[in-house]
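Student: The following block contains the structure, expressed as structure tokens.
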Amino acid sequence: MSEEHRETGTGWPEPAEPARPSGPAGEPDPRPDAPDPDELSPLAPAEPVEPVEREDVPAPAEEPGAVAREPVAPAEEPARASVSRRLTSAGAMIAVLLALLGFTLVVQLKTTSTDPTLAATREEDLVRISSDLDSRERRLRQDIEALEESQRQLRSGEQGRQAALEEATRRADELGILAGTLPAVGPGLLVRFEGPEKAVASVRILDAVQELRGAGAEAMQIAGADGTAVRVIASTYFVDDDGVLVVDGRRLRGPFTISVIGDPATMRTALNIPGGVVAAVQDAGGNVTAVDREVVEVSQLHAPLKLEHARPVS
């Protein structure tokens, strides 16, 4: 340590400047990673570099986070506008088509759900139709109650045999009336058909028979002008033959009278339904007259079929 250091009290020597490495005899350093002798030391202060004057070009302001866009050629702008217009026109056309489809569906549903026949029916006719339906419902409920009562009686021990015999007799009588092999009497209607041949044709008589059956007719027969009568059952047929009505092979001449047993009010309502039997006969120039009777006799019998192969099982 020198005297100067001792006097100053620093106690440390000043660092010496690093010497540039060199090869023997002042030749350049042969090491591959040796720095170029012409380059300045990284510790040497850099000389100030004078700025190069450039033309001031205003740079476009960019928003932070914006993605750089490629410049659009002028020829592409009309094409994009044309595509946008086409897409807008297609969307408008699709919207119009969907609106038309929805309108069509709504109209179809309203047309399907609306019955034009009932919409044009008068209030009095609607009341008659409702009364007819109520009468049918009451009749069906009575039949259900009767069958349930018969079932209870058949299952009630000692009384079962007698109840079974009575039930079998009653059913036999009902089946005999329906089959036309037994006479019947009860309240009902006398329905008279008058008019030209077209008004009282077989199709009109058949329509009347079907309407009466649907209204609860239990037994009926048809008679001609000379009093010849034929029992009407499920297998009865009606045919026109040179101005004469053929019923189950028997020829009847008009006017015709149908004697039917059942609820008079219900059967009359069925005949007078708008567009029904009475309206059809009147449109053809004829007339239908229905008269209530407390007692109607259906006495004409239908010859039972002779069985050739079937026999009852005991």
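Student: Would a scan of segment 107-116 turn up a residue that is closer than 30 Å to Thr289 by Cα, loosely packed, with under 12 Cβ neighbours inside 10 Å and either in contact with an Asp or Glu (Cβ under 9 Å, 6 or more places away or on another chain) or at pLDDT below 80 (or both)?
Tutor: Within segment 107-116, one or more residues are closer than 30 Å to Thr289 by Cα, loosely packed, with under 12 Cβ neighbours inside 10 Å and either in contact with an Asp or Glu (Cβ under 9 Å, 6 or more places away or on another chain) or at pLDDT below 80 (or both).
Student: So in segment 214-240, with the set limited to residues that are among the charged types (D, E, K, R) and under 18 Å from Gln300 (Cα atoms), which one is nearest to the chain's Cα centre (by Cα)?
Tutor: Glu218
Student: Among the residues of segment 141-148, is any modelled with pLDDT of 85 or more and either of a type in the set (Lys, Arg) or part of a loop (DSSP other than H, G, I, E, B) (or both)?
Tutor: Yes.
Each row is one residue, and each column tells you yes or no for (1) open to solvent by 50 Å² or more (accessible area, probe 1.4 Å); (2) of a type in the set (S, T, N, Q); (3) at pLDDT 85 or above.
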| site | (1), (2), (3) |
| --- | --- |
| Gly157 | yes, no, no |
| Leu190 | no, no, yes |
| Glu197 | yes, no, yes |
| Val200 | no, no, yes |
| Leu206 | yes, no, yes |
| Ala219 | no, no, yes |
| Gly227 | yes, no, yes |
| Val230 | no, no, yes |
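Student: Of all the residues that make up segment 122-154, how many are open to solvent by 70 Å² or more (accessible area, probe 1.4 Å), under 18 Å from Met267 (Cα atoms) and touching a Gly at 6+ places or on another chain (Cβ under 8 Å)?
Tutor: Looking only at that region, the number is 1.
Student: Find all pairs meeting these conditions: Cβ atoms under 8 angstrom apart; at least six residues apart or on different chains; first residue within segment 288-314 and of a type in the set (Asp, Glu); second residue open to solvent by 80 Å² or more (accessible area, probe 1.4 Å) and not in a loop (DSSP other than H, G, I, E, B).
Tutor: Glu297/Val185
Student: Inside segment 182-214, can you point out the residues that are over 11 Å from Gly262 (Cβ atoms) and assigned to a strand (DSSP E or B)?
Tutor: Val185, Leu190, Val191, Arg192, Phe193, Glu194 - these are the residues of segment 182-214 that are over 11 Å from Gly262 (Cβ atoms) and assigned to a strand (DSSP E or B).
The values are calculated or read from the model by the stated rules, or taken from the named source; none is laboratory data. Predicted model, so just to flag it, every value in this text is computed and none were measured. Please note: Cβ atoms are built from the backbone with ideal geometry, for glycine as well, and neighbour counts cover all protein chains shown. Just so you know, the surface numbers come from the protein's heavy atoms only, side chains and all, with ligands and any DNA or RNA stripped out. Shrake-Rupley method; radii C 1.70, N 1.55, O 1.52, S 1.80 Å.
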